[in-house]
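The values are calculated or read from the model by the stated rules, or taken from the named source; none is laboratory data. Keep in mind that this is a model prediction, so the values were computed, not measured. Quick reminder, even Gly has a Cβ in these numbers, built from the backbone with ideal geometry, and neighbours come from all protein chains shown. Only protein heavy atoms, including side chains, enter the accessible area calculation; ligands, DNA and RNA are left aside. Shrake-Rupley method; radii C 1.70, N 1.55, O 1.52, S 1.80 Å.
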Amino acid sequence: MTLDNTTSLTPKTTVAIMATGRLTVDQRDVLDDLYQPLIGVAGYGLLLVLWRQLELTHGTQVQLKHSELLDLLNISVSELEHCRQRLEALELIQTYRNQSDKLPELIYELQQPVSAGTFFGDDLLSVLLLDVVGEKQFKRLRDHFVRPQATHDGWQNISRQFLDVFQVNDRLIATPPALISETKAAFKGSDDVTNWPKQTASSRFDFDLLIDILKRSYVNLEDIKANRELILNEHLMYGLTEPEMADYINRATNLATNALNARQLQAMIASEQRNATPVTTGTTAQTKTAAASEPQKQSTTKHTPQEQALITVANQVSPMAFLTKMHEEKGGYVTGGEQRIVEGLLNKQVFPNAVVNVLIFYLLMNMKQSTLTQRLTDTIANSWAQASVKTPEDALKEIHRYQKERDNPQPGRKGNRRQQGTVKETLPDWAKSDYQPDKKATDKSVSDAQQQRAIDRLKKLKSERQNREGGDV
């Protein structure tokens with residue numbers, strides 16, 4: 001509560017000066033160049049004196065009488081009040097009055113100035129500054145604070161991501177120690193807390209854009225920030241854009257309390273995306289940006305046309321969309337267990353989306369699995385993780401390596417490994433660049449010819465295995 005006009009300020013009035021943080025070098029530049037012309041020399045002197053009193057005590061609060069401030073500034077009580085009002089109007093000070101029988105009588109809580117970008121982006125502040133300093137000085141100040149944007153056109157970002165370099169215990173991430181939870185709670189709501197890392201190895205979701213979109217709705221933004229990890233995981237699974245995610249969040253928010261129902265959000269996205277997941281094989285602007293930002297490894301391996309097509313589509317489609325269309329191609333559907341398997345892979349953030357897609361393709365098409373199973377998926381995923389697979393090219397290289405090892409077993413070892421081979425299956429029609437949906441409904445039942453080919457293939461595999469092991473199976 002600020003002081004009203006009837007409040008009598010005297011040199012004996014006691015005041016406590018406090019602040020929630022310290023001024024940075026950049027904030028001091030903003031005060032010197034942008035706020036000072038609006039505050040005036042005396043007002044700026046008052047602000048610096050107040051900040052200095054805190055610095056001298058090495059604390060967050062100091063108590064003194066106004067007479068001490070008047071002596072330091074060599075101004076009258078009325079001048080001090082006038083200066084303080086300007087600081088209050090510019091939100092550099094918040095003034096609070098205590099109960100009449102208690103000390104200190106007043107509190108001056110110092111506020112940190114806004115950034116230069118926020119200052120120039122605010123019509124009130126920028127128009128007032130232009131009126132005070134004139135057009136010529138205004139342009140000088142603008143040019144001083146404008147930070148030139150670095151451009152990297154034609155360059156490839158090969159920077160490593162956090163999880164590419166550091167190993168973190170997944171169990172500790174899923175269930176943080178009590179000390180970590182307590183520390184996070186202590187910083188909750190702090191203005192200087194920013195999202196980090198800015199971009200993960202598997203997500204390029206613009207969380208700040210999502211917040212900006214939701215500012216125009218009734219959603220409690222604190223709920224959105226608290227569920228940031230959940231939102232990013234849902235984006236990873238289904239490839240949802242920021243506006244699409246905002247729509248789901250609005251629909252999962254209680255109109256009476258403005259609270260986000262996280263479970264409802266997950267269930268709604270899973271239900272709708274599983275039943276109608278859009279797939280596009282053309283490269284969108286978003287996938288182009290992600291592909292340019294992801295660190296890519298230069299591969300010298302020559303891929304077959306089928307493998308190159310798989311790499312292309314794996315980089316363009318979200319894992320759940322990829323899984324859905326793979327099952328649709330075979331006349332099946334995504335099970336709840338498969339959804340949890342894919343979600344678990346993404347939550348671990350071991351592989352980017354494209355590698356998860358190659359893994360799905362390999363299991364369902366090359367290994368002829370009817371559904372993803374936890375045990376087999378974990379077995380191959382762990383093998384790839386230990387081999388430092390980071391890209392679709394890495395995954396194919398690992399498949400080739402395993403095939404070579406299986407075809408050339410070490411003496412004395414029987415080849416009973418059922419795992420990885422080469423990617424021989426062609427891509428489904430929907431994943432091909434020239435795909436045109438068939439207007440007629442197709443018969444998805446298994447034909448007699450298909451059954452016979454499957455029987456012949458099993459006989460061939462059995463014969464090959466008998467030859468390798470030198471006996472009956």
Original post:
Looking at the stretch 300-334, which of the residues that are open to solvent by less than 40 Å² (accessible area, probe 1.4 Å), without any contact (Cβ under 8 Å) to a residue 60 or more places away in the chain and in a loop (DSSP other than H, G, I, E, B) is nearest to V358 (Cα to Cα)?
Top reply: Q316
**OP:** Could you please give the count of residues in the stretch 335-359 that are β-branched (V, I, T) and either open to solvent by 20 Å² or more (accessible area, probe 1.4 Å) or farther than 16 Å from T377 by Cβ (or both)?
**Re:** 2
Subject >> Some residue of the stretch 210-219 being modelled with pLDDT of 80 or more, closer than 30 Å to D26 by Cα, open to solvent by less than 50 Å² (accessible area, probe 1.4 Å) and among the β-branched types (V, I, T) >> reply: yes
Original post:
Which one of these is more than 17 Å from Q316 (Cα to Cα), open to solvent by 30 Å² or more (accessible area, probe 1.4 Å) and either in contact (Cβ under 8 Å) with a residue 60 or more places away in the chain or not in a helix (DSSP H, G or I) (or both): K397, K390, K404?
Top reply: K397
**OP:** Check whether at least one residue in the stretch 3-15 is under 41 Å from the mean Cα position of the chain (by Cα) and open to solvent by 10 Å² or more (accessible area, probe 1.4 Å), and report yes or no.
**Re:** no
**OP:** Would you check if there is a residue in the stretch 347-367 being among the aromatic types (F, W, Y) and not in a helix (DSSP H, G or I)?
**Re:** yes
**OP:** Search the stretch 227-272 for residues being β-branched (V, I, T) and not in a helix (DSSP H, G or I), and hand back the single one that is surrounded by the most Cβ atoms within 10 Å (Cβ to Cβ).
**Re:** T253
Subject >> S100, sole failed condition from (1) of a type in the set (G, A, S); (2) touching a Pro at 6+ places or on another chain (Cβ under 7 Å); (3) in a loop (DSSP other than H, G, I, E, B) >> reply: (2)
